[in-house]
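Please read the structure below before turning to the comments.
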Amino acid sequence: MSIHGSINVLGTPLMACSYDPVTGFFRDGCCETGPQDLGSHTVCCKVTEAFLSFSRSVGNDLSTPLPQYRFPGLKAGDRWCVCASRWLQAYEAGFAPPVVLEATHQAALKIVPLEALMELGQANPKA
């Protein structure tokens, strides 16, 4: 059940993405969004080394810890709420990681086509 009452891309309650590491714009484990989330951190994905390398190559190093932002640095296999536009950019370049559809906020659909998310969608076994 969604802790915020939000809806995912499947039209059901938004599930948690990850509590280890703790993800989300609000660092609450969910890909929740709001007016202050200018990057739309709404796509829950299981990051891959290819995605981390791609993201670093376009100026967004997700591997290096930044404790001042409560950011632990990611490794392949971690689940993380990524910016919808970055995920779409990676998708178009062939480097998008798998998506956890139940934990991806419906706001992602303003940026990413549902078909793209479904193509790389996977079940939500555990946050």
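Quick one: length gained pulling SER57 to MET118 fully straight, 0.36 nm per residue minus the C-alpha distance?
19.4 nm
Please compute, over every Cα-Cα pair in the chain, the percentage with a separation greater than 24 angstrom.
Every Cα pair in the chain considered, those over 24 Å come to 16 percent.
For LEU10 and ALA93, what does the FRET efficiency come to when R0 = 41 Å and r is the distance between their Cβ atoms, rounded to the nearest 0.05?
The calculated FRET efficiency here is 0.95.
Using unit Cβ charges (K, R positive; D, E negative) and no other charged atoms, how large, in debye to the nearest 20, is the dipole of the chain about its Cα centre?
For the chain, the charge dipole is close to 200 debye.
Using 1/(1 + (r/R0)^6) with R0 = 30 angstrom and r between the beta carbons of GLN36 and ALA76, what's the FRET efficiency to the nearest 0.05?
0.55
Provide the net charge surrounding ALA76, with neighbours chosen by a C-beta distance below 12 Å and charges set as Lys +1, Arg +1, Asp -1, Glu -1.
With Lys, Arg at +1 and Asp, Glu at -1, the neighbours total +1.
A short reminder: the numbers here are calculations on the coordinates, not readings from a lab. All of these numbers come straight from a predicted model, not from anything done at the bench. We place every Cβ from the backbone using ideal geometry, glycine too, and count neighbours over all the protein chains shown.
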